[in-house]
1. Can you name the condition, by its number, that A56 falls short on among (1) open to solvent by 30 Å² or more (accessible area, probe 1.4 Å); (2) at pLDDT 85 or above; (3) not in a loop (DSSP other than H, G, I, E, B)?
2. For L152, which of the numbered conditions (1) surrounded by 17 or more Cβ atoms within 10 Å (Cβ to Cβ); (2) in contact (Cβ under 8 Å) with a residue 40 or more places away in the chain; (3) under 21 Å from F208 (Cα atoms) fails to hold?
3. Keeping to segment 211-222, report how many residues are buried (at least 17 other Cβ atoms within 10 Å of the Cβ) and either part of a loop (DSSP other than H, G, I, E, B) or in contact (Cβ under 8 Å) with a residue 60 or more places away in the chain (or both).
4. Is it fair to say K102 is assigned to a strand (DSSP E or B), open to solvent by 20 Å² or more (accessible area, probe 1.4 Å) and not hydroxyl-bearing (S, T, Y)?
5. Note down all Cβ pairs under 6 Å where the first residue falls in segment 131-147 and is farther than 11 Å from G198 by Cβ, the second is assigned to a loop (DSSP other than H, G, I, E, B), and they're at least six residues apart or on different chains.
6. Residue check, Y167 against (1) assigned to a loop (DSSP other than H, G, I, E, B); (2) in contact with a Gly (Cβ under 7 Å, 6 or more places away or on another chain), all met but one. Which one?
7. Would segment 111-122 turn up any residue that is outside any loop (DSSP other than H, G, I, E, B), of a type in the set (F, W, Y) and touching a residue at least 40 places away in the same chain (Cβ under 8 Å)?
8. Within the set of pairs 6 or more residues apart or between chains, which connect a residue that is under 20 Å from Q67 (Cα atoms) inside segment 14-33 to a residue that is among the acidic types (D, E) with Cβ atoms less than 6 Å apart?
Amino acid sequence: MSEITYRDPLFIQIREVIRSKIESGEYPPGTTIPSELDLAEMYGVSRLTIRTAIDALVYEGLLRRIQGKGAYVTEPKLNYSPEVFGGFRQNVNGKNIRFSSKVLYKTTRPADTSFSYILGIEPEDDIYYIKRLCYTDGVPFMLNKLYIPCRLLPQFDEIDLNVFQPYEVYSMYGLNVRTVEQKLDLAYLHHTDCNKLGIDPGIAVMCFECTSRLQDGTAVEYSKSYARGDMCNYSIRFQQSPRS
């Protein structure tokens, strides 16, 4: 009871007590915290106060409610910084994370008007279309769709993208990306893609829409990446330009 005072609303204090126990490892990832009834008795407050505190931590992604089983501590979130060049692996920061990816679909198709403008090529020019599922520690994290002009990578079909990341392939061909234009939005995926990511239909995901260019402005890649919001903290760093 020494952890609880009357200086702040009780549900906020309970929330912070539970948070501290999660961060200290007293409540480790994958385990349940004490029940609402046990916590209410432990701290001498109502179950509604406990439920409100837990709801706040569920909203933050620190806890996950399982019907009939209680509230589970989730895995610590990754830190995703999309301003870093190099693709998925370079953008995610975390300790001892095992990355992998699986190519779901890879083909060639005409750019058509939908991609010819973005990539600066003719509508009849061929592009590679690749759909990949990216994992961290074996858990699906991001669905990635790539569109690449075929003329830039004539032997791309022979490269195993389950082994090499796209930015590694660009470097092999001497294509050094210098600028990336990126848009961030929320999106809702088709139920089949939700199943691949392991999320319920109707759950919004983060959508990163990127165009990568060479020094001369040539577009190397257009991509759309759909990332789970419950597994990662997303951060973008801004820096003030020096005054002239």
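1. The single condition A56 does not satisfy is (1).
2. Single failed check for L152: (3).
3. Qualifying residue count for the region: 5.
4. Numbers: assigned to a strand (DSSP E or B): yes; open to solvent by 20 Å² or more (accessible area, probe 1.4 Å): yes; not hydroxyl-bearing (S, T, Y): yes.
So K102 passes the test.
5. T136/I97; D137/R98
6. (1)
7. At the first step, the residues of segment 111-122 found to be outside any loop (DSSP other than H, G, I, E, B) are 112-119.
Retained after the next criterion (residues that are of a type in the set (F, W, Y)): 115, 117.
Next cut, touching a residue at least 40 places away in the same chain (Cβ under 8 Å) only: 115.
Yes, there is a match, as at least one residue in segment 111-122 is outside any loop (DSSP other than H, G, I, E, B), of a type in the set (F, W, Y) and touching a residue at least 40 places away in the same chain (Cβ under 8 Å).
8. The qualifying pairs are P29/E75.
The values are calculated or read from the model by the stated rules, or taken from the named source; none is laboratory data. Since we're looking at a predicted model, the values are computed, not measured. Please note: Cβ atoms are built from the backbone with ideal geometry, for glycine as well, and neighbour counts cover all protein chains shown. To get the accessible areas, we keep the full protein, side chains included, count just its heavy atoms, and leave off ligands, DNA and RNA. Shrake-Rupley method; radii C 1.70, N 1.55, O 1.52, S 1.80 Å.
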